[in-house]
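The values are calculated or read from the model by the stated rules, or taken from the named source; none is laboratory data. What you see is a predicted model; the values in this text were computed from it and never measured. With ideal geometry, Cβ positions are generated from the backbone for all residues, glycine too; neighbour counts draw on all protein chains shown.
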Amino acid sequence: MNFAFDSRNCLIQTGSTVYRYDAENQRIGVDQTQYVVNSQPALSQVLVKEVNGVNTFYVYGLGLIGQEIGGEYTSYHFDLRGSTVALTNNQEI
């Protein structure tokens with residue numbers, strides 16, 4: 001496991017856990033990210049990401065086509081090179 005410290009010698013990261021501090025070097029928050037990964041395809045696919053109890057579900061076709069967070073689905077739109085050019089939700093925003 002790797003440990004990262006800031007210039008004030010405060011622990012800021014261990015693995016997937018990130019720590020936050022206030023101006024007086026008191027730890028005020030912890031964010032932890034966990035993943036469920038499908039390692040079967042040629043390139044691994046993240047299926048679920050959990051950050052502080054909030055799950056993001058990723059949807060794949062030939063590639064990543066969407067994500068769902070809290071019941072709201074967002075579609076990814078790509079150009080001919082495969083770069084993401086837009087995201088739309090059910091309201092087309």
Fill in the blank from the handout: Note: among V37, V59, V54, V46, just one is over 23 Å from Q13 (Cβ atoms) and modelled with pLDDT of 90 or more, namely V59
Fill in the blank from the handout: Taking region 47-71 and keeping residues within 16 Å of N89 (Cα to Cα) and among the polar types (S, T, N, Q) leaves T56, Q67
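Can you list the strands (runs of 3 or more DSSP E) lying wholly within region 1-87 that have 2 or more residues being surrounded by fewer than 13 Cβ atoms within 10 Å (Cβ to Cβ), among the charged types (D, E, K, R) and free of Cβ contacts under 8 Å to residues at least 24 places away in the same chain? Spell out the reasoning first.
On the way: elements: 3-5, 11-14, 17-21, 27-38, 45-51, 54-60, 64-69, 72-78.
Of the strands (runs of 3 or more DSSP E) lying wholly inside region 1-87, those with at least 2 residues that are surrounded by fewer than 13 Cβ atoms within 10 Å (Cβ to Cβ), among the charged types (D, E, K, R) and free of Cβ contacts under 8 Å to residues at least 24 places away in the same chain span 27-38.
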Problem - Total residues in region 9-53, condition out of contact with any strand residue (DSSP E or B) (no Cβ under 8 Å at 6 or more places or on another chain), over 29 Å from I69 (Cα atoms) and not aliphatic (A, V, I, L, M) - result: 4
